[in-house]
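Reviewing the structure listed below.
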Amino acid sequence: MLKAVILIGGPQKGTRFRPLSFEVPKPLFPVAGVPMLQHHIEACSKLPNMKEILLIGFYQPNEEINRFLSCAQQDFKISIRYLQEYAALGTGGGIYHFRDQILSGSPEAFFVMNADVCSEFPLPEMLDFQKEHGDAYSFVILGTTANRKQSLNYGCIVENEQTDEVLHYVEKPSTFVSDIINCGIYLFTPEIFQHIGTVFQKNQQDMLFYRTRLEEQSNGWHRAEVIRLEQDIFTALAGQGKLYVYKTDRFWSQIKSAGSAIYASRLYLNQYHTTHPERLATNREGGPKTRGNVYIHPTANIDPTAVLGPNVSIGTGVTIGAGVRVRESIILHGATLQDHSCVLNSIVGWGSTIGKWARVEGTPSDPNPNDPYAKIDSETLFRDGKLTPSITILGCNVNIPSEVIILNSIVLPHKDLNRSFKNQIIL
């Protein structure tokens, strides 16, 4: 029997995803037409022995999360529950806090995955790999190859090339360690809790020792329960014959910023050719012209003279007028694109309106196409005192008037613009 745990974080996290995370918890943001989490749940539900999927995070349970859970349970015919942490406990602290829930029913193994990764999720291959390597008490990290410079932004894994054992693990090193990076998807056996428990006890002893100093600056990070899998567990387990890396050459990306959501959408839309061809729009009589991979929700109302794609996803109830051009963009629920408007490399928020002949355009933040190991850069918002050119984001209920240009800008929710903007955050 197997279980899966998806770490979904909480409202203090996902700040780089604003203003989109103001309206919907980041894990429920639609990527390629379905909530980000649904891709994880679908991959888990395909495993024959999967009995339960647990979401762990510190979002307050709300209507959106509850609705998503009940729909997903019906669609995938599997138990899905949300376990709320009382505070941010780190990637290891959350699973340790809820270890009784994870271990109930005695699973032989369980997957742990971060919600903000986009992947083909080679879970069956990881299970086979675990059986072939090491003993029943070994743990598996999913790894992939990055280029030397970008590897510094991830957890780096030094492996034994013959056995695939992890010999050394460093989280975000300051100098080059290895080009094999941690993908944030793990396969554990229940024995992992012994190792997390050791760290927990050490943290408790440290807290008693430093108690007087801690009372002056009682920060959440001083809780004994705050445990990070990467720095606290993997670093200690490396080189002990218990931790192995399964390397994948299939697609993988992080979804940290809104710009990376458009790239992730492209990867998933491409995968739909094999997994969900019915989700991809086709050119048909009376419908809009599509180029490349396009997802259109059945409730969207699109003029047949509009041209969409490549890499476009259109949400529920979207209205698109005559002669509209959309490329490399996500158009969210209830948005309206009036006649002859043009949307490129942008995310148009819920209920927003773009006037006639208006142009909304961003700068793509794609990985270097000439480097097979390049990953998407998590760009800082500002560089040299200027806003870094990136995709344009319109928050919810933004109104763009006719015949204006919005270029490389972020517009916060509920704004009525009256002129063109370039390289600005519009508060």
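Some notes on this structure:
- Measuring r between the beta carbons of HIS133 and HIS168 and using R0 = 22 Å, the FRET efficiency lands at 0.80.
- Förster-model FRET efficiency, 22 Å R0, PHE251 and GLU161, C-beta, rounded to 0.05: 0.40
- Rg and Dmax of the chain, based on Cα coordinates, read 22.6, 74 Å.
- THR175-ALA87 pseudo-label distance in nm [points 7 Å out on the Cα-to-Cβ vector]: 3.7
- Our estimate of slack between TRP357 and LEU387, defined as 0.36 nm per intervening residue step minus the Cα-Cα distance, is 8.2 nm.
- Contact order for the chain, expressed relative to its length and based on alpha carbon pairs under 8 Å spaced 6+ residues apart, stands at 13 percent.
- Computed from the alpha carbon atoms alone, the convex hull of region 318-427 holds 103 Å³ per residue.
- Within straight-line cross-link reach of LYS149, lysines at Cα separation under 20 Å, skipping those fewer than 8 residues along the same chain: LYS172, LYS247, LYS256, LYS375
- Only beta bridges with both residues in the chain are counted; by DSSP, about 25 percent of them are antiparallel.
- Amide H partners (placed H, <5 Å) of THR353, local residues excluded: THR336, VAL398, ASN399, ILE400
- Our coupling estimate for region 341-353, obtained by passing each phi through the Karplus curve with A = 6.51, B = -1.76, C = 1.60 and θ = phi - 60°, is 7, 9, 10, 10, 6, 9, 10, 9, x, 4, x, 7, 10 Hz, Gly and Pro reported as x.
- Relative contact order of region 280-422, pairs being alpha-carbon contacts under 8 Å that are 6 or more residues apart, as %: 15
- Taking 7 Å steps out from each Cα toward its Cβ at LYS77 and THR282 produces label points 2.7 nm apart.
- Other-chain or far-sequence residues with amide H under 5 Å of ILE426's (modelled H): ILE410, VAL411, LEU412
- The charge dipole of region 280-422, taken about the Cα centre with unit charges on the Cβ atoms of Lys, Arg (+1) and Asp, Glu (-1), comes to about 160 debye, rounded to the nearest 20.
- Taken over the alpha carbons of region 2-254 as equal point scatterers, the Debye sum produces base-10 log I(q)/I(0) values at 0.12, 0.15, 0.17 Å⁻¹ of -0.72, -1.15, -1.46.
- For region 27-80, radius of gyration divided by Kirkwood radius, i.e. Rg to Rh on alpha-carbons: 0.94
- Calculated FRET efficiency, ASN423 to THR145, Cβ-Cβ distance, R0 = 25 Å: about 0.15 to the nearest 0.05.
- Note on the chain: with charges restricted to the Cβ of Lys and Arg (+1) and Asp and Glu (-1), its dipole about the Cα centre is near 1080 debye.
- The residues of region 1-122 present an accessible area of 38 Å² per residue when probed at 1.4 Å with all protein chains retained.
- In straight-distance terms, cross-link reach from LYS3 covers every one of the lysines whose alpha-carbon lies under 19 Å from its own, apart from those fewer than eight places away in the same chain; here that gives LYS46, LYS51, LYS77, LYS131.
- Between GLU171 and CYS156, the built amide H atoms are under 5 Å apart, and every one of these is 5 or more places off in sequence or on another chain.
- Expressed as a whole percent, the accessible surface of the chain that belongs to carbon and sulfur atoms is 48, based on a 1.4 Å probe.
- Hydrodynamic radius by Kirkwood, which averages 1/r over all alpha carbon pairs of region 250-359, in angstrom: 13.8
- D (Stokes-Einstein, µm²/s), Kirkwood Cα radius, region 1-121, 0.692 mPa s at 37 °C: 225
- Probe 1.4 Å, protein heavy atoms only - accessible area per residue of region 275-427 in square angstrom: 47
- Region 169-309: projected area of the alpha-carbon convex hull, averaged over directions, in nm²: 14.6
- Net length gained if the chain between VAL307 and HIS414 were fully extended (0.36 nm per residue, minus Cα distance): 35.8 nm
- Length gained on full extension, ASP100 to GLU403: 103.2 nm, using 0.36 nm per residue less the C-alpha separation.
- Zone residues, region 269-295, relative to ARG67, backbone N less than 11 Å from point 7 Å out along Cα-to-Cβ: none
The values are calculated or read from the model by the stated rules, or taken from the named source; none is laboratory data. Just so we're clear, the structure is a prediction, and the values are computed from it rather than from any experiment. All Cβ positions, even for glycine, are placed from backbone atoms using ideal geometry, and neighbour counts span all protein chains on display. Note: accessible area is taken over every heavy atom of the protein model, side chains too, but ligands, DNA and RNA are not part of it. Shrake-Rupley method; radii C 1.70, N 1.55, O 1.52, S 1.80 Å.
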